[in-house]
Amino acid sequence: MVMGKPPLCLLIVEDEAAHAAAIQRAFQTEEPGTQIEVVGTLREFRQHSASHPPDLALLDLNLPDGRAVEILSSPPEAGPFPIMVMTSYGNEQLAVKAIKAGALDYVVKSAEAFATMPRTVERALREWKLLTERREAVAAQKRLIAQLEEALSKVKTLSGLLPICSACKKIRDDQGYWSQVEGYIQEHTDARFTHSYCPECARKFLAKVERGDPNTQ
């Protein structure tokens, strides 16, 4: 186990005690710090996951009070945590249906599958991380688009031909009145102006000051 890494919380939903015990032994061997809880019904799963959400839930496809597909969310990342289903040999078609219903993955029960479950769970958690990161990125993109659309809805734009004086640069409005460029733009858009000197005009202004030009006031 990686130092500083919080222990994995695994919830096994399995009514066959021997199967649950085989999975527990595999984790005790490879990931001894894993916190494992075992329940045997969907009702117990709902109660336990509501109060103690696991990092991953491993459910038998068929349980005494229903099927795992009853609690799945599609797509998988729409749920609060990843769910894998276990099925007996020959039930792969049902497992595929579970995948379509929102299971992250499925495992066909066997001694080998139980023994390698820690690695299977590790791969599933990596996939879950990628799915949730993508979901968060898409959500952030949607929020940004909404913010941009809201900002654009508040922006007033100018279009068409604007009559402007070649000498003084005043603009003529629809009523035939001439006004300064900044006044016209402020009236027809949400833009506001602050005034300062560009470097060229600043040099000209300072030159007038040095000459004592009265027009600098």
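The values are calculated or read from the model by the stated rules, or taken from the named source; none is laboratory data. The model shown is predicted, which means the values in this text are computed figures rather than measured ones. Neighbour counts run over all protein chains shown; Cβ positions are idealised from the backbone, glycine included.
What pairs can you find where one residue is in the range 165-182 and over 21 Å from H195 (Cβ atoms), the other is assigned to a strand (DSSP E or B), and their Cβ atoms are less than 7 Å apart, with a gap of 6+ or different chains?
Qualifying pairs under 7 Å: R172/W178; D173/S179.
Quick one: would you say V38 is of a type in the set (V, I, T) and either in a loop (DSSP other than H, G, I, E, B) or more than 29 Å from the chain's Cα centre (by Cα) (or both)?
Yes: the conditions hold for V38.
So which of K100, K129 is in a helix (DSSP H, G or I), modelled with pLDDT under 95 and closer than 26 Å to F27 by Cβ?
K129
State the number of residues belonging to the range 89-121 that are under 22 Å from P75 (Cβ atoms) and surrounded by 14 or more Cβ atoms within 10 Å (Cβ to Cβ).
Of the residues in that region, 14 qualify.
Identify all residues within the range 7-35 that are of a type in the set (V, I, T) and surrounded by fewer than 18 Cβ atoms within 10 Å (Cβ to Cβ); write none if there are none.
T29
Do any residues in the range 132-145 that are under 19 Å from P80 (Cβ atoms) and of a type outside the set (A, V, I, L, M) have Cβ atoms under 6 Å from those of residues that are in a helix (DSSP H, G or I) and modelled with pLDDT under 90, where the two are at least six apart or on different chains, and which pairs are they?
T132/E77; R135/E77
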